[in-house]
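Peer 1: Just passing along the structure, written as structure tokens.
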Amino acid sequence: MTDILLRTGSLSFAYPERAGFLRRASLREVVKRVDLAVPRGSVLGLVGESGSGKTTLGRLLVRLLRPTSGGIQFDGAEIGTLEEAEMRPLRARIQMIFQDPQSSLNPRLRLGVTLTRPLQVYGRLKGRRDQRDRAAALLDLVGLPTGFVDRYPHELSGGQRQRAGIARALALDPDFIVADEIVSGLDVSTQAYILLLLKELRARLRLTMVFISHDLSVVRVLCDDVAILHHGEVVEYGPVARIFGFPQHAYTRQLLSAIPLPDVEPGWLDDPSPIVPSHQQGSAA
Amino acid sequence: MTAALSVQGLQVAIGTGASSANVLRGVSLDLQRGEVRGLVGESGAGKSMLGRAVLGLLPANAVIAAGTIQFEGRDLVAMPEPERRSLLGRRIALIPQDPMTSLNPVKRVGAQIAILLRHHLALSKRGALERAAELLAEVAIREPRRVLELYPHEISGGMRQRVLIAMAFACDPSLVIADEPTTALDVTVQRQVLQLVERLRQRHGAAVLFITHDLGVVAKICRTMTVLHAGRVLEEGETAEVLAKPRHPYTRALLAATPRADQPAEALRPVPPALIENLWSEAYRLDRLVVAGPA
């Protein structure tokens with residue numbers, strides 16, 4: 001039997017949505033009965049377009065949000081209903097890397113401070129010297145020069161900032177990481193490095209990851225399994241090779257065929273999918 | 001027949017004196033009428049700067065240090081301002097990257113299209129709105145009359161981008177600068193938008209300079225392509241040829257670093273840092289040569 005680190009059962013989340021002033025708030029379900037099982041040491045890709053609920057699902061998994069219904073089991077224990085105080089010991093083991101390191105790294109703190117802040121919060125630092133050593137070790141782990149402990153985020157390139165974001169998530173030696181669109185803002189040359197770094201780190205640190213992305217090509221590089229989300233539902237879920245090689249669901253096929261591969265293909269612009277907006281909004285008016 | 005766009009030896013610097021930095025280092029490219037050329041590069045390559053130079057929308061601290069930009073045989077750099085302005089939005093149009101910030105949030109969609117039509121084509125208020133509805137229908141927007149009455153925040157990102165495409169083609173331009181118009185869109189919407197651009201381009205016979213970092217997008221919509229790095233053209237040619245047999249090591253490296261949904265992970269090779277460093281030092285060496293002048 002495989003060892004499942006994270007499992008969700010019929011996980012759902014709804015936002016209250018007011019239809020108008022004085023109108024009773026109704027619930028809008030954005031994650032619908034999602035069942036996932038992430039084996040220890042594996043990487044699951046969560047793929048979907050905007051509005052698919054992938055970011056909300058990611059936030060549920062790290063319990064930044066509380067499920068409306070359904071459960072989340074982490075390492076055998078139910079965490080879906082835990083209060084914040086009860087979550088706290090687990091927070092060290094569950095980390096998140098955010099999309100935009102520019103806004104998730106404090107611009108007024110040197111990297112040495114930012115990277116070790118989680119350690120400080122959990123009382124795992126032994127003085128100034130230890131702080132510097134730990135920060136240097138973290139920088140080294142993600143392939144940044146140890147001299148960067150004294151740098152500010154604005155002195156780094158986009159790729160370097162994303163490495164710093166990864167280093168901070170690794171500070172507490174977590175078992176489980178959710179990475180939300182962490183390569184989408186990067187140039188191709190930088191992106192490839194970050195992907196290879198994550199591959200290396202997962203092997204070296206035996207990390208279990210959920211990698212959220214709108215980009216199927218990127219998912220293929222890093223993930224073992226992939227779940228395709230559409231309007232809050234998992235429409236297809238399985239090993240990467242099967243989903244990419246033999247997609248069953250019409251939406252998965254549509255997504256795959258919409259990816260422009262860098263090959264000239266004369267018929268690509270002449271349809272199969274009709275030019276009709278799939279979700280015209282504006283009904284509010 | 002003269003080219004739709006001919007850029008020769010264009011050199012653009014930001015700032016003046018000792019603190020000036022070159023962003024375009026002698027770029028030349030031609031765009032024949034009706035041609036779609038991809039301008040490819042990573043951030044900092046100068047691709048948007050080239051687009052802005054053509055549109056005359058360079059930042060205030062940028063100067064064209066050398067070179068010419070000709071639109072249908074007329075020099076845009078030397079042209080008197082009123083004449084140049086009368087071309088913009090009419091004969092030369094822009095499809096911008098960010099559909100949210102490119103539309104006025106407090107004006108209805110219809111009013112924004114109408115302003116353009118009244119200004120350039122001297123249509124009546126009523127005539128402009130009529131034409132605006134036709135234009136929206138042309139970009140596959142259902143119920144165009146209803147959409148004319150909406151504000152930008154009331155429509156989806158893909159629909160906003162379609163509105164901007166409609167505006168770009170509104171006055172029958174012969175040159176369209178498309179600056180990463182699909183970068184912010186989902187792949188399925190991106191495909192629809194690319195299909196639209198191609199359809200409108202054919203109908204209006206416009207040439208398109210398609211600025212993008214995405215080699216996949218170039219492969220699908222551009223017949224020719226130019227690879228830019230550090231403000232220099234490294235390679236250009238027919239898209240099919242460049243992608244199948246890239247001559248410049250940088251083009252080869254970019255292709256190898258692009259993840260492909262149809263291939264397993266092992267194929268991915270990052271761009272070697274030494275290659276990038278070499279390219280930049282070549283660029284700086286070029287700068288010094290230009291400053292020193294011919295011996």
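Peer 1: What are the pairs with Cβ atoms under 9 angstrom where one residue, in the stretch B:244-258, is more than 9 Å from chain A (Cβ to nearest Cβ) and the other, located anywhere, is outside any helix (DSSP H, G or I) and at pLDDT below 95? Sequence gap at least six, or different chains.
Peer 2: B:PRO249/B:PRO272; B:TYR250/B:VAL271
Peer 1: For the stretch A:1-104, list the helices (runs of 4 or more DSSP H) that sit wholly inside it and hold at least 2 residues that are more than 18 Å from the chain's Cα centre (by Cα); which are they?
Peer 2: A:84-91
Peer 1: If you take the residues of the stretch A:241-265 that are more than 7 Å from chain B (Cβ to nearest Cβ) and without any contact (Cβ under 8 Å) to a residue 12 or more places away in the chain, which of them is nearest to B:LYS220 (Cα to Cα)?
Peer 2: For the stretch A:241-265, the residue satisfying everything is A:ARG253.
Peer 1: Take the residues in the stretch B:217-231 that are in contact with a strand residue (DSSP E or B) (Cβ under 7 Å, 6 or more places away or on another chain), surrounded by 20 or more Cβ atoms within 10 Å (Cβ to Cβ) and at negative phi, then tell me which one is farthest from the other protein chains (Cβ to nearest Cβ).
Peer 2: The extreme case among them is B:THR226.
Peer 1: Mind checking which helices (runs of 4 or more DSSP H) fall wholly inside the stretch A:132-237 and carry at least 1 residues that are away from every other protein chain (no Cβ under 14 Å)?
Peer 2: Qualifying helices (runs of 4 or more DSSP H): A:158-170, A:188-205.
Peer 1: Would you pick out the residues in the stretch A:242-256 that are surrounded by 17 or more Cβ atoms within 10 Å (Cβ to Cβ) and in a helix (DSSP H, G or I)?
Peer 2: Answer for the stretch A:242-256, where residues must be surrounded by 17 or more Cβ atoms within 10 Å (Cβ to Cβ) and in a helix (DSSP H, G or I): A:ILE243, A:PHE244, A:TYR251, A:THR252, A:GLN254, A:LEU255, A:LEU256.
Peer 1: Right, another one. Yes or no: the stretch A:18-30 includes at least one residue that is under 27 Å from A:LEU256 (Cβ atoms) and crowded, with 16+ Cβ neighbours inside 10 Å.
Peer 2: The answer is yes, given that some residue of the stretch A:18-30 is under 27 Å from A:LEU256 (Cβ atoms) and crowded, with 16+ Cβ neighbours inside 10 Å.
Peer 1: Does at least one position in the stretch B:98-119 carry a residue that is in a strand (DSSP E or B) and within 24 Å of B:LEU50 (Cα to Cα)?
Peer 2: Taking every residue of the stretch B:98-119 in turn, none turns out to be in a strand (DSSP E or B) and within 24 Å of B:LEU50 (Cα to Cα).
Peer 1: Out of the stretch B:112-154, which residues are of a type in the set (Val, Ile, Thr) and within 14 Å of chain A (Cβ to nearest Cβ)?
Peer 2: B:VAL139, B:ILE141, B:VAL147
Peer 1: Within the stretch B:257-265, can one find any residue that is closer than 21 Å to A:VAL188 by Cβ and in contact with a Phe, Trp or Tyr (Cβ under 8 Å, 6 or more places away or on another chain)?
Peer 2: yes
The values are calculated or read from the model by the stated rules, or taken from the named source; none is laboratory data. Because the structure is a prediction, the values reported are computed rather than measured. A quick note on method: Cβ atoms are made from the backbone with ideal geometry, for glycine too, and the neighbour counts reach across all protein chains shown.
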